[in-house]
Amino acid sequence: MRRAAALSHPSMPVASAAPDTLFHAWLAFAGVLLFAAALLWQTGVWAMLADADPTGITLLIIAVFTGSTAWCGMRCRALCRERAQLNAWRRASIAPEHGGSIDAYLRDLAAPDADASSRTALAEVLAERLHGPSDTAWWVNGIQIKLGLLGKVIGFSILAMQLSRIENFDPAQTQHLLKTLTGGLGIALLTTAVGLVANMLLGLQLTRIDRCCDGLIADAMQFAETGGNGRNA
């Protein structure tokens, strides 16, 4: 829906951060995450998470989030290059060595055989090229919640199995019984909480990237509609 709206109204302004600003914001965000990770390491939280979750699902969610965050940084850099290429077209100082989706879109529009139907098709191709990489990232973002729910199911399953083994209540074994029962409950709550937090933090990054792509598409189409590509052909 968002992508179709951008294509239907090429001159409609889209409020989005410039790619260089987005990359700087990502660097600041990554710095905060690294600082928080260092604090958690010094306070022993990482070791506690590893000990509290013998299934390893919590650490798996953290690994998925770390890899996805690094990918977001690389994607922000790629959008920086796309914005620089569009600015080069606006200044009529194209740098062919940069290339990219924006450059390919504007060069195809400048072809003599480009008609109205081909312009629409090229706009759709540009939208797919800019938004396409984020589709897989959004799927990975959903995987984090699913892993958290999987840990929740496993934790409650362990809790249920331990309860089913209780035949006679012995007050002398109360401490051991509580430790066994809270182990499964801890797995369920811990994996769910980590999955939700990772999902929100990664979703924030992907939303900013998508808004930046929307801005690039709108600016490129507006530049093409005003005849700027013909000036640079």
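The table for this structure:
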item	result
Sum of side-chain charges, residue 189 neighbourhood, beta-carbon under 14 Å (Lys, Arg +1; Asp, Glu -1)	0
Backbone N within region 119-162 under 12 Å of label point (7 Å from residue 25 Cα along the Cβ vector)	none
Förster radius 30 Å - calculated FRET efficiency between residue 38 and residue 92, Cβ distance, rounded to 0.05	0.05
Proximal charge balance of residue 30 [Cβ under 15 Å; K/R count +1, D/E count -1]	+3
Estimated translational D of region 47-151 in µm²/s (Stokes, Kirkwood radius over Cα pairs; 10 °C; 1.306 mPa s)	94 µm²/s
Extension gain, residue 63 back to residue 116 (0.36 nm per residue minus Cα-Cα distance, nm)	14.4 nm
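The numbers here are math on the coordinates, done by the rules we state, and not lab data. Since we're looking at a predicted model, the values are computed, not measured. Here the Cβ is made from the backbone with ideal geometry for all residues, glycine too, and neighbour counts use every protein chain on show.
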